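Asks: Dropping a structure here in structure tokens format, bear with me for questions.
Since every read-out is calculated from the coordinates, none of them should be taken as a lab result. Everything numeric in this text was worked out from a predicted model, so none of it was measured. Neighbour counts are summed over all protein chains in view; Cβ atoms, including those assigned to glycine, are modelled from backbone coordinates with ideal geometry.
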Amino acid sequence: MSANVIIVLCGWLIALAIFFGFIVLVRYLQHKERMAMIARGFNPDSIPKRRRSRGILRAGLITAMVGFTLTAGLYPLGFLLPQLSSAPFHLGPWLLPGLIPCGVGLALIGSYYLEQSASQGGDESSSREKQNVIHLKDHLERENRES
């Protein structure tokens, strides 16, 4: 193998290691947060999960734009490389590194809008639950008045 191929492979391995290291770091921080909640007497399962819909939209937009940019940047390769097939518009497999993230980004954007339409019916029940909640301060005041 030539030195250029080895350098490229090492670069990909380093990028993959950074990606998986970030995933491990996020999981570790979630674990530490959960253990800190248990140590302070909170039940982590009783705390409502935060909705990540805005994050999904942001991730989808970023991923789709990166994919679109890669596709636009790799498209001129079809004019530089010899015609291997009779694909129209000089399309070829060199566009896949851009088309795949573009598709993933569009799927994330679609899931954001599907989640929004599905959760509109659930908002009424959550507002009813909020009306039935008695704050701790109000509860203690009622107890003091009754005793």
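Asks: Among R145, R34, which comes first, then next, by fewest other beta-carbon atoms within 10 Å? Show your work: numbers first, answer last.
Replies: Values: R145 7, R34 14.
By the 10 Å Cβ count, ascending: R145, R34.
Asks: Same structure, new question: Average projected area of the Cα convex hull of segment 33-72, in nm²? If you can, show how the numbers build up before the last one.
Replies: Values: hull surface 15.5 nm².
Reported value for the Cα convex hull: 3.9 nm².
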